[in-house]
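The values are calculated or read from the model by the stated rules, or taken from the named source; none is laboratory data. Everything quoted here is computed from the prediction, not taken from an experiment. So basically every Cβ, Gly included, is an ideal-geometry build from the backbone, and we count neighbours across all protein chains shown. Heavy atoms of the whole protein, side chains included, go into the accessibility calculation; ligands, DNA and RNA do not. Shrake-Rupley method; radii C 1.70, N 1.55, O 1.52, S 1.80 Å.
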Amino acid sequence: MTDLRAEVSYRIRRSDRARRVRVSVDGAGQVEVVLPRRAPERHAAEAVRELRPWIERRRRAVARAAAEVARAPGTVPYLGDTLSLVPEPGRTRVRRRADALLVPAGDPREALERWYRRRARAEIAPRLDAATARAGSRYHGLTIRGQRTRWASCSAKGAMSFNWRLLLAPPTVLDYVVEHEVCHLEVLDHSPRFWRLLASRVPDWRRHSAWLRRYGSTLTL
């Protein structure tokens, strides 16, 4: 049983875009507090104290989700596949060979992220082109990012942004997120009209959305 008297450790991140205090729990159960640039640090402690019951529930949910999708050491997911990591001394770039990834010796996470970012553009661009062609719409530019709090976005001008970590999810989840953003080219908000449009294109969108809510925190290298 969790000792509610114990202090909750957390890290603080300042953000120029934040308008209020936000508290999140990552896939390792670590707590992050996002503060507006000029907010005093005591606001972080106050938020953690107030949200303590939620933080404990969230940590338990994250631990359960991580156990359900646990992968073998030395492997990474890739759109439903499991790839084995093969360290090679002197290597600086990741290369895929069948179901293996040749990676730098030591800690390969930075090189792996660079590889996933490159692959994200190669995987997402054709999906986005096909989805907009089916919808009869157009987008203006594709950016691959590592957003902390969102999987994708579509600006009012049709600029698309996707999180490279979507490649750690099943391909149906990535396809759903692409269709979600393409719907925003026609309906920018989340009004009933938007959800009707999304349902007409992805009838089982709720299942994919629920998967991301449950397992999104586990999509890490």
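No other residue among A111, A61, A67, A100 is surrounded by 12 or more Cβ atoms within 10 Å (Cβ to Cβ), small (G, A, S) and under 15 Å from T218 (Cα atoms) apart from A61. Any residue at all in the range 80-95 that is in a strand (DSSP E or B), basic (K, R) and either modelled with pLDDT under 95 or open to solvent by 20 Å² or more (accessible area, probe 1.4 Å) (or both)? The answer is yes; a qualifying residue exists.
Checked against the criterion of being within 20 Å of L167 (Cα to Cα), free of Cβ contacts under 8 Å to residues at least 24 places away in the same chain and of a type in the set (D, E), the range 86-93 contains not a single residue that satisfies it. Considering (1) surrounded by 14 or more Cβ atoms within 10 Å (Cβ to Cβ); (2) of a type in the set (G, A, S); (3) touching a strand residue (DSSP E or B) at 6+ places or on another chain (Cβ under 7 Å), the lone condition that G74 does not fulfil carries the number (1).
Out of all the residues in the range 12-27, is one or more charged (D, E, K, R), under 30 Å from A122 (Cβ atoms), open to solvent by 80 Å² or more (accessible area, probe 1.4 Å) and within 23 Å of the chain's Cα centre (by Cα)? Looking through the range 12-27, at least one residue is charged (D, E, K, R), under 30 Å from A122 (Cβ atoms), open to solvent by 80 Å² or more (accessible area, probe 1.4 Å) and within 23 Å of the chain's Cα centre (by Cα). The set of residues in the range 123-145 being aliphatic (A, V, I, L, M) and either more than 20 Å from the chain's Cα centre (by Cα) or open to solvent by 30 Å² or more (accessible area, probe 1.4 Å) (or both) consists of A130, A131, A133, A135.
Cβ separations smaller than 6 Å between residues 6+ apart or across chains give the following pairs from the range 130-144 residues that are under 17 Å from A120 (Cβ atoms) to residues that are outside any loop (DSSP other than H, G, I, E, B) and open to solvent by 70 Å² or more (accessible area, probe 1.4 Å): I144/R117; I144/R121.
Taking the range 28-51 only, how many residues are surrounded by 14 or more Cβ atoms within 10 Å (Cβ to Cβ) and part of a helix (DSSP H, G or I)? Before the answer, list the steps.
Taking the range 28-51 first, the residues surrounded by 14 or more Cβ atoms within 10 Å (Cβ to Cβ) are 29, 31-36, 39, 43-45, 47-48, 51.
Then drop every residue that is not part of a helix (DSSP H, G or I), which leaves 43-45, 47-48.
Qualifying residue count for the region: 5.
Scan the range 183-197 and give yes if some residue there is over 17 Å from P77 (Cβ atoms) and among the basic types (K, R), otherwise no. Yes, there is a match, as at least one residue in the range 183-197 is over 17 Å from P77 (Cβ atoms) and among the basic types (K, R).
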